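In what follows, a single structure is set out as structure tokens and then discussed.
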Amino acid sequence: MDKKKQMNFNLNNFLLSFSNALDEVESRYFKTSKNHSKRVAYLSLKLALEFNYKQEALFDLCAYSLMHNIALSRTREDKKEFCLLANNYATFFPFSFEEQKDVLLYQEEFFDGSGVFGLKDYEIPLFSQFISFANILDTKFDLSNPAIENREKILNFLEEKKSILFSEDLVECFEEFSKKQSFWLDLQNENELLTFIFSTLHDKTIVLDFEEILKITSIFTLFTNENLNIITNASKVADFYNFEHKDKQTFMIAASLCNIGKLYIDEKILNKKNSLDSLEYELIKAYPYYTKKILSNIIGFSDICSYAYKVQEQIDSKGYPFSLEAKDLSLKDRALALINIYTSLTSKNSYREAFSKEQVFELISSIAEEGRVDKSLVRDFKEIFK
């Protein structure tokens with residue numbers, strides 16, 4: 001195997017890094033609180049341990065839990081569509097425990113058969129039952145709530161919904177380990193959630209081709225872009241400058257994720273048809289900061305992170321949010337920033353039609369004259385995209 005064409009990848013490390021951003025989306029619609037997905041993973045793993053699942057299964061369950069809400073930025077109203085899309089996304093990830101399939105497809109099933117697809121009892125995969133149980137409890141009651149009366153409400157709710165929403169087995173397991181005060185305290189503390197997750201799972205790093213990782217990250221491109229054009233455009237630019245294979249692939253992966261910080265920004269602001277006010281503009285300007293926050297925690301993504309978070313910086317040091325100077329911006333940094341501008345202008349969005357190539361070339365030439373981007377890059381882009 002050619003190591004230059006591969007990199008190490010840890011699925012749960014990757015999804016833990018993205019979970020806060022995915023939770024931001026969920027919180028805007030369902031009022032879930034910070035660390036929601038980590039609590040879903042924590043509680044799902046607790047239940048799975050009671051059912052004596054082993055390491056390989058636990059690793060996959062944690063990943064499914066962390067990505068249970070992955071389709072929310074694309075669809076929310078139709079639960080069936082949400083489950084189908086989430087399950088489709090899951091097929092792009094390297095799961096290995098074959099006994100549990102279609103986990104996210106059936107995460108909205110109820111034990112009495114009244115869920116989205118009408119499965120009942122143990123027709124519902126156990127992993128789906130675990131995630132549904134944890135997600136419903138944390139969405140309805142906020143398991144990070146320290147109030148003692150909240151615990152009583154949860155236990156009463158479980159008794160009422162036993163054999164309706166949840167199996168008796170799951171309710172009994174929860175009642176047993178919730179007798180410990182430490183269980184409730186762990187749910188209130190992000191560090192304790194992470195400690196439990198890491199201590200329960202052995203480190204599992206696999207080797208993937210760069211193309212396989214790009215296939216995964218392309219899913220996230222669609223959460224903040226109308227299409228995958230930014231990746232295609234990055235590929236053309238990389239070929240023009242004769243990037244080596246590894247450099248080209250990391251550059252394309254960075255392009256696929258350079259706008260991921262927008263998940264932290266309310267869609268009402270991102271898609272606003274009228275002019276932004278000063279406060280809204282400040283909120284949007286923060287998104288590369290969140291991109292860096294997400295990507296800097298992923299093992300092996302240091303170069304990818306470095307390119308991606310500089311996507312709104314300019315050579316005149318008037319970019320945002322870090323106001324970097326020209327000396328801090330490499331060719332790849334400058335190229336990706338211009339790719340982002342070019343792709344945005346040539347794409348239709350919710351508040352305007354796409355510009356023609358001629359119009360785009362005029363616009364980027366104008367900002368080059370203002371000293372915001374490299375004139376040499378603009379000349380090259382006219383050649384690349386002619």
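The values are calculated or read from the model by the stated rules, or taken from the named source; none is laboratory data. Note that the structure is a prediction, hence the values are computed from the model and not measured. Don't worry about glycine lacking a Cβ; one is built from the backbone with ideal geometry, like all the others, and counts go over all protein chains shown. SASA here: full protein model, heavy atoms, side chains in, ligands and nucleic acids out. Shrake-Rupley method; radii C 1.70, N 1.55, O 1.52, S 1.80 Å.
Counting pairs of alpha carbon atoms under 8 Å apart in space and at least six apart in sequence, what relative contact order in percent does the chain give? Spell out each step's value before the answer.
Working: 527 pairs, mean separation 60.1, N = 386.
In percent, rounded to a whole number, it is 16.
Kindly report, to the nearest 10 Å², the accessible surface of Thr91 as traced by a 1.4 Å probe over protein heavy atoms only.
Surface accessible to solvent at Thr91 totals approximately 100 Å².
So for Asp138, Asp209, what's the accessible-area order with a 1.4 Å probe, most first? Write out the running numbers ahead of the final one.
Numbers: Asp138 5, Asp209 60 Å².
Ranked from most to least accessible, the order is Asp209, Asp138.
So what does Arg28 come to for accessible area, using a 1.4 Å probe and Å² rounded to 10?
Taking all protein chains as shown, Arg28 has close to 50 Å².
Per DSSP helix of 4 or more residues, -39500 (n - 2.57); summed, then divided by the residues of the chain. What does that give at 222 nm, rounded to the nearest 500?
Details: 19 runs with 222 residues, N = 386.
It comes out at -17500 deg cm²/dmol, rounded to the nearest 500.
What number comes out for the charge environment of Gly371, summing +1 per Lys or Arg and -1 per Asp or Glu over other residues with Cβ under 15 Å away?
On the way: positive: Lys318, Lys327, Arg334, Arg372, Lys375; negative: Glu313, Asp316, Glu325, Glu369, Glu370, Asp374.
Cβ neighbours under 15 Å give a net charge of -1.
Mind listing the long-range amide H neighbours of Leu276? Cut-off is under 5 Å, sequence gap 5 or more, other chains count too, H placed in the peptide plane at 1.01 Å from N.
none
Classify the range 68-204 from the C-alpha gyration tensor, please: rounded if a/c falls under 1.5, else prolate or oblate depending on whether a/b exceeds b/c. Intermediate results must be reported in sequence, preceding the final value.
Numbers: a/c = 1.67, a/b = 1.25, b/c = 1.33.
It is oblate, given that a/c is not under 1.5 and a/b is not larger than b/c.
Tell me the trypsin sites (Lys or Arg not before Pro) within the range 189-276 that lie in a loop according to DSSP and have at most 12 other beta-carbon atoms within 10 Å.
Those satisfying the criteria are Lys273.
Which whole-number percent gives the relative contact order of the range 68-150, counting Cα pairs below 8 Å spaced six or more residues apart?
Working: 82 pairs, mean separation 17.5, N = 83.
Computed over the range 68-150, the figure is 21 percent.
Within the range 129-144, whose backbone N sits under 13 Å from a point 7 Å along Cα→Cβ of Asn150?
137-144
Quick one: which residues, 5+ away or cross-chain, put their amide H under 5 Å from the amide H of Phe166? H built at 1.01 Å from N.
Amide H neighbours of Phe166, under 5 Å, 5+ apart: Phe111.
Could you tell me the extents of the range 241-386's C-alpha atoms along the three principal axes, largest first, rounded to whole Å?
42, 39, 26
Taking only C-alpha pairs under 8 Å that are 6+ residues apart, what is the relative contact order of the range 1-139 in percent?
Details: 173 pairs, mean separation 33.5, N = 139.
RCO, the range 1-139: 24 percent.
Regarding the range 56-136, what is the average projected area of its C-alpha convex hull, in nm²? Could the numbers behind the result be given before it?
Values: hull surface 19.7 nm².
Across all orientations, the range 56-136 yields a mean hull projection of 4.9 nm².
Rounded if a/c is under 1.5, else prolate if a/b is larger than b/c, else oblate: which is the range 1-57, with a ≥ b ≥ c the root eigenvalues of its Cα gyration tensor?
It comes out oblate by the Cα gyration axes.
Roughly how many percent of the accessible protein surface of the chain is carbon and sulfur, given a 1.4 Å probe and a whole-percent answer?
Details: 8470 of 17960 Å².
Carbon-and-sulfur percentage of accessible area, whole number: 47.
Under a 5 Å amide H to amide H cut-off, with H placed in plane at 1.01 Å, what residues pair with Thr32 once short-range neighbours are removed?
Here Ser27 satisfy the definition.
So, by mean Cβ neighbours within 10 angstrom, what's the order for 97-106, 116-125 with the highest one leading? Intermediate results must be reported in sequence, preceding the final value.
Numbers: 97-106: 18.4, 116-125: 15.4.
Put in order of decreasing packing, that is 97-106, 116-125.
With N residues in the chain, what two-decimal value do you get for its Cα radius of gyration over 2.2 N^0.38 Å? Show your work: numbers first, answer last.
Numbers: Rg = 22.8 Å, N = 386, 2.2 N^0.38 = 21.2 Å.
Normalised Rg, Cα atoms only: 1.08.
Run the 1.4 Å probe and let me know the accessible area of Leu45, rounded to the nearest 10 Å².
Per-residue accessible area (Leu45): approximately 0 Å².
Suppose accessible area is computed on protein heavy atoms with a 1.4 Å probe; arrange Leu165, Leu49 from highest to lowest.
Leu49, Leu165
Let me make sure I get this right: for the range 293-353, a, b and c are the square roots of the gyration tensor eigenvalues over alpha carbons, sorted descending. Under 1.5 in a/c it's rounded, otherwise prolate if a/b > b/c, else oblate. Which is it?
Values: a/c = 2.08, a/b = 1.34, b/c = 1.56.
Oblate, since a/c reaches 1.5 and b/c is not below a/b.
Please report, in whole Å, how far the alpha carbons of the range 170-266 spread along each principal axis, starting with the longest.
For the range 170-266, the Cα extents along the three principal axes come out at 63, 35, 23 Å.
Can you tell me the dipole magnitude for the chain around its Cα centre, using point charges on the Cβ only (Lys, Arg +1; Asp, Glu -1), in Debye to the nearest 20? List each step's numbers first, then the result.
Numbers: 48 positive and 59 negative charges, 241 e Å.
It works out to roughly 1160 debye.
Just the accessible area per residue of the chain, please: how many Å² with a 1.4 Å probe? Can you show the working numbers first?
Working: 17960 Å² over 386 residues.
Per-residue value: 47 Å².
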